[in-house]
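Structure first, then comments.
The values are calculated or read from the model by the stated rules, or taken from the named source; none is laboratory data. Remember, it's a predicted structure, so these values are computed and weren't measured experimentally. Glycine also receives a Cβ, built like all others from the backbone with ideal geometry; neighbour counts cover every protein chain displayed.
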């Protein structure tokens, strides 16, 4: 492994960070993703019309005819809740297909903008371009949408869990809490393929990449989801400026309020991979130990850590994990503080850690099988384990920090 101890650019956060963030967010609203609700209650976005009877647009890849009457709830219906709505497990009566139904309340311009970005990222393809060419198998599939009672409902491919569920933080053996490298490598390859498609083919940033937004199916497939804060750039060399996403996965240039590029997704991937291999967020000890500090104090503690740490010292991966030099080098390339030195998704797909631990590109089924077999073992471990009390949970950590800049 090549040692890289170079210091990145000094991180100096302006005191008016929050005001600048709010201004950037307001500037983004009403832009190219703008959407509106007509007098009749239909949602118009991305040249598509979403009504009570579904989506009307020849360039939107809806798979199912969809209305509220077509759906019935399934056991364990609630998959998640958020400020703008919920995600529920449903069944499409006409076809029997199981779906994840995402609700987004039409209560503000921000939520309308969110729907427009979802439509632009996942579901729209250029006129004259085939669905097969336009859509990536490494992004969650869109089935359809409809509007009812002041909310938009988007039907998505139903997966079995998020990468956050792959961790077993309550295992008595610390070495069994995370995801082993031989499994994490094929998982990462699928995520990188999705990011490479977003960055190079669609010129899109995800901007909120984290384990909770990376989904798996029990057959070993891995896909990227949740594009409500995606940002389109004019080219692969463009940049953006809005302050949205999850603070604990943000790159230094984002926290600094500077323009940023596709490398912010690579930084978030690096933090996510360290979290997955350790079984806990790498900032947990840094911030969780200060339980008595206010949220703002924790935020500035994180900023100070990124400001003073050299490349290679941003995260501390315990030696007892016996991680390979190739994996550590891969993480170093993701977490370069200077965004111009950070690797791209296409470059990382050729990294030794990926090449030496995954199958050939045309043999995804082998990598899926590796993930599938391990998931069975991990589920058995989690079923027989006991939850430990005390300490700050991953959700508590994320929520505390995100509360400071809740965009």
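The rows are residues; the columns are (1) crowded, with 23+ Cβ neighbours inside 10 Å; (2) outside the structural domain of residue 99 (by TED's automatic domain parsing); (3) in contact with a helix residue (DSSP H, G or I) (Cβ under 7 Å, 6 or more places away or on another chain).
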residue: 168; (1), (2), (3): no, yes, yes
residue: 173; (1), (2), (3): no, yes, no
residue: 179; (1), (2), (3): yes, yes, yes
residue: 201; (1), (2), (3): no, yes, no
residue: 206; (1), (2), (3): yes, yes, yes
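Working only within the range 181-190, note down all residues that are in contact with a strand residue (DSSP E or B) (Cβ under 7 Å, 6 or more places away or on another chain) and surrounded by fewer than 22 Cβ atoms within 10 Å (Cβ to Cβ).
Selection gives nothing.
Can you tell me which residue in the range 119-144 is surrounded by the fewest Cβ atoms within 10 Å (Cβ to Cβ), limited to those that are within 18 Å of the chain's Cα centre (by Cα) and modelled with pLDDT of 65 or more?
137
Having 3 or more residues that are in contact with a helix residue (DSSP H, G or I) (Cβ under 8 Å, 6 or more places away or on another chain) and modelled with pLDDT of 85 or more is the bar; report the helices (runs of 4 or more DSSP H) wholly within the range 289-370 that clear it.
325-334, 345-348, 352-355
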